[in-house]
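Have a look at the structure below before the remarks.
The values are calculated or read from the model by the stated rules, or taken from the named source; none is laboratory data. Just so it is clear, the model here is predicted, and its values are computed rather than measured. No Cβ is skipped: glycine too gets one built from the backbone with ideal geometry, and neighbour counts run over all protein chains shown.
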C-alpha cells in the first residue's frame, strides 16, 4: 500500500503541474484545454485503477440518497454567498481582469460563453470532483492517514487553480481566493467522506460554478 500511496501522490502532482503549464504558459483554446484536462483528470485515474489492484474507483459512484439533502442546502447557500459577494464588492473591487483572461487567454467570449458555462457547471465540476475528491482523497485515504489525505487533496485543489487565476485579481484578493479554495477543498472532502461518494461535493461544486458563471455572464454581456 505504501507504493500505491507514493505513486498516487506523484500522479496527482504531475497532473496538476501539467495543467498549470497548460493554463499558465501554453494557454490553448478552451476546448483543447478541456480535452487535456479530461485525459489527466479522468482517463489517467481510470488507467491507474486498472494497473494497481489496490485502487477501486467504482465505490465513488454509489448513490447515497441520505447525503443529498444537506448537500443541496449547502449548495444553495454557496450560490447565494458567491452571487451576493459579487454584488456587495463590485463597487470596491476591479473584476475586469477576469473578462480579459477569459477573452484573450482562452478564447471565451459572447459567442460561446453560454456553452462554456454549461460545460463548466456540469462536466468540468465532475472532472475536478472525481480527481481531487474521489481519486486524491477518498481513494488516497485507503492507503494513507486521514489527515494526509485531507491536506494533500485540499492543497492540490487550491494550487491547481494558481496558474488559471493569475491576472484575475490583485494579489490580496488572489491570496484570499487561494485560501478559500483550500478551505473549500476540506469542506468538500468532509461531505464526501460522510457518504463515501463524490456526489455531495459535485452538487455543491455545480452550485458554486453556476454562481460564478452568472457573474461571468453579467461581466461579459454588460
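For this structure, a couple of remarks:
- Qualifying residue in the stretch 160-173 (condition: surrounded by 21 or more Cβ atoms within 10 Å (Cβ to Cβ), under 26 Å from residue 118 (Cβ atoms) and modelled with pLDDT of 85 or more): yes
- Test: residue 44 is surrounded by fewer than 13 Cβ atoms within 10 Å (Cβ to Cβ), at pLDDT 90 or above, under 20 Å from the mean Cα position of the chain (by Cα) and within 17 Å of residue 130 (Cα to Cα): no
- Residue 69 fulfils the conditions (1) at pLDDT below 85; (2) surrounded by fewer than 18 Cβ atoms within 10 Å (Cβ to Cβ); (3) in contact with a helix residue (DSSP H, G or I) (Cβ under 7 Å, 6 or more places away or on another chain) except for a single criterion, (3).
- Residue list for the stretch 4-48, restricted to those being under 17 Å from residue 136 (Cβ atoms) and free of Cβ contacts under 8 Å to residues at least 24 places away in the same chain: 6, 10, 14, 17, 18, 39, 43, 46, 47
- Candidates 88, 58, filtered to the one that is free of Cβ contacts under 8 Å to residues at least 60 places away in the same chain, over 18 Å from residue 127 (Cα atoms) and loosely packed, with under 13 Cβ neighbours inside 10 Å: 88
- Positions within the stretch 128-145 being surrounded by fewer than 16 Cβ atoms within 10 Å (Cβ to Cβ) and in a helix (DSSP H, G or I), in sequence order: 142
- Set 186, 148, 215: member being over 20 Å from residue 20 (Cβ atoms), modelled with pLDDT under 85 and either touching a strand residue (DSSP E or B) at 6+ places or on another chain (Cβ under 8 Å) or in a helix (DSSP H, G or I) (or both): 215
- Boolean, residue 21 is surrounded by fewer than 15 Cβ atoms within 10 Å (Cβ to Cβ) and in contact with a helix residue (DSSP H, G or I) (Cβ under 9 Å, 6 or more places away or on another chain): yes
- Selection of first residues in the stretch 195-221 that are on the phi > 0 side of the Ramachandran plot and in contact (Cβ under 8 Å) with a residue 40 or more places away in the chain and of second residues that are assigned to a helix (DSSP H, G or I) and surrounded by fewer than 18 Cβ atoms within 10 Å (Cβ to Cβ), restricted to Cβ pairs under 7 Å at least 6 apart or on distinct chains, gives the following pairs, ordered by first then second residue: 196/59.
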